[in-house]
Each structure stands twice: as structure tokens, then as C-alpha cells.
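What follows is a set of notes on a single structure, which appears directly below.
The values are calculated or read from the model by the stated rules, or taken from the named source; none is laboratory data. Values in this document were obtained by computation on a predicted structure and should not be read as measured data. Here Cβ is always computed from backbone atoms with ideal geometry, including for glycine, and neighbour counts include all displayed protein chains.
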Amino acid sequence: MPQEATTTSPDTLYQQFDAALTLVGGVCHRVDSAAQAATTIADLMNASTGLDRTIWTAPMVRDAMPNLLAALASLDLHIRFPESPADVRDQPFGLSIAEGAVAETGSVLLVERDLRDRSVGLMTETHIVVCREDALVGSLDDAAATLADIAKEHGSYATLVTGPSRTADIERQLTIGVQGPAQLHVILIAEPA
């Protein structure tokens, strides 16, 4: 028998998500609109590279959040869409969209049906994920219905991403960013874009 989703206030869910994501080395940002999300992205890019104004963007963002892309362009950021996975290898910034987020684990749910979309989150140095705040749920149990719907779609590929890439060798030396992004920023947007 499926469990019902728990009812928790958006502020409480955000605080839980932020704490869980921070614990695993990610950074959470909470904004009201796509325009504020674009400003946050521009600030992250300016603080990190200063000169490179290019953000490699998963093609699915084009349809899902056109307002965000328009706001990024208005800030003179260069939006590039990969033609192949090789295009994004070791690029400073990548932008993806999440179908949902899980407060208890600090995870984002990426549903990428195309290798070009998937490569942005796997191969860029800093991965920025935007997600509607109303898609934030309390637990993995609460996310089960979304995951079941995704599983029914042909060719679906869902990934729960929790923090930046981490790996440890046989001597238990933890290394960040060797097999994926060294940084993960999640931007929760209150207003649907």
C-alpha cells in the first residue's frame, strides 16, 4: 500500500534540504523567480571565473525554463547547448533542471532522456541545477510516485544526485570532482518558470 506524502511547510522542507545538501558538500540557493535565479547563476560565475561568461546548458532546459534562459541572456551570459558529450568535458559551468528534490537527503532528481542533457551534469566542473520549489518533497518515500511515473516512460533515465562527485581510493583518501563535478549548486525557484 503506497504511503501518503507528508505535509510539511515549504520553509521547513527548504531548511531540511539545505542542511542535508550542505552536509554532503553542495550549496543551496532559494529564489523567488527565474530572473533571480539568473542573477544567482551570474554571481556564481563571476565569483569563480570572472572572464568566462559561458554556461553549458542541457538542451531540455530550453523547453522547460525559457524565462530562465531569457534572463541569463539579458545578463550577457553565453548559453551553449552541447552537440555531443565531448563539448562539455571539463567546462567550468553546466546548467540542468531537476524534476524534483528530496529534503531528507539533499538530493535532486534528474530525468535526462538524452545523452547531451546527461553529459552536462556529469562532465562540467560546476553543476548548477534549477528546480521548482513546489517539487521539493520531504522523503524518498514521498518521491516514490514521481519515480513510478518516470519509470513508465519509454527510454527514461532518472538519477538522484546528492552533492558533488566524490570518490575514495583503496586507502580511503576522499577526492572531490574526479569523476564528475567538483561543485553542485541547487537553485530552488518559488515561482514556476
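Here are a few things to note about the model shown:
- Scanning the stretch 89-118 for residues that are in contact with a His (Cβ under 8 Å, 6 or more places away or on another chain) and in contact (Cβ under 8 Å) with a residue 60 or more places away in the chain yields a count of 1.
- A Cβ distance below 6 Å, combined with a sequence gap of six or more or placement on separate chains, defines the contacts here; from the stretch 5-28, residues that are at negative phi and in contact (Cβ under 8 Å) with a residue 60 or more places away in the chain reach residues that are in a loop (DSSP other than H, G, I, E, B) and of a type in the set (S, T, N, Q) in the pairs 20/105; 24/162.
- In this structure, residue 15 does not satisfy being assigned to a helix (DSSP H, G or I) and either crowded, with 17+ Cβ neighbours inside 10 Å or at pLDDT below 95 (or both).
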